[in-house]
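In what follows, a single structure is set out as C-alpha cells and then discussed.
The values are calculated or read from the model by the stated rules, or taken from the named source; none is laboratory data. All values derive from a computational prediction rather than experimental measurement. Please note: Cβ atoms are built from the backbone with ideal geometry, for glycine as well, and neighbour counts cover all protein chains shown.
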C-alpha cells in the first residue's frame, strides 16, 4: 500500500466542541497515508468532541498549544464544530499558529466551521473557499470569495462544507499534503 505522506507531520488544531467525524475520518486517512498526526490544543487533559449537538468521545491533546512549534509540522488540519473554532479564534497563540502555516506556504485543510480561523488569522483575503453556509458573510467580509461546493482547493488551502463532503475533502487534502508547500 502506498504511503504518500510517509515522514510528514500534521498538526490538528482543536479544542472542546470539535465535530468528532471531522477529526476522526481525516485523521485516520492521514495516518493510513503514512503521516504522523498530533492534536495541538490549549486544553489540558481531554478534549470533548461533539456529534452535531450531542457529546461524543473525548480525545487527548498530544501537544500543548503554548509549546507547539509550527515549524516542525508539514501541514495543518482545522476540523470544525461550532464551538471549536469559535473558542480557538479567541486564543492569540492559536491564531498565530494558523497564520504561520500560511506565512510558510504549508498546506492547510479546513472543514465546516474551521474556516473561521482563516478569517481570524487574516489569511482568507483573496482566496476562493467554502465552509458551512453560516460563515459565508464572515468569510466574504474577511476578503474571501465564498462558493457553495463540496470541496475547494486554492493554492495551499483546501476547504469543505460539512461531514457529507468528507470523501472529497479527504481526497483533496491528501493530495495537497502529499504535494507539500505551495
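Observations, loosely collected:
- Residue selected from segment 1-38 under the condition exposed (fewer than 15 other Cβ atoms within 10 Å of the Cβ) and in a loop (DSSP other than H, G, I, E, B), by the criterion modelled with the lowest pLDDT: 1
- Taken over segment 44-71, the criterion of being crowded, with 18+ Cβ neighbours inside 10 Å, under 19 Å from residue 93 (Cβ atoms) and without any contact (Cβ under 8 Å) to a residue 40 or more places away in the chain is satisfied by 47, 61.
- If you check 128, 172, 145, 159 for being farther than 20 Å from residue 32 by Cβ, buried (at least 19 other Cβ atoms within 10 Å of the Cβ), touching a strand residue (DSSP E or B) at 6+ places or on another chain (Cβ under 9 Å) and touching a residue at least 12 places away in the same chain (Cβ under 8 Å), only one passes: 159.
- Here 8, 3 are screened, and the one residue that is out of contact with any helix residue (DSSP H, G or I) (no Cβ under 6 Å at 6 or more places or on another chain), closer than 15 Å to residue 174 by Cβ and touching a residue at least 40 places away in the same chain (Cβ under 8 Å) is 8.
- Selection status of residue 80, touching a residue at least 12 places away in the same chain (Cβ under 8 Å), closer than 16 Å to residue 39 by Cβ and in contact with a strand residue (DSSP E or B) (Cβ under 9 Å, 6 or more places away or on another chain): yes
- Residue count, segment 134-152 (criterion: out of contact with any helix residue (DSSP H, G or I) (no Cβ under 9 Å at 6 or more places or on another chain) and either in a loop (DSSP other than H, G, I, E, B) or modelled with pLDDT under 95 (or both)): 1
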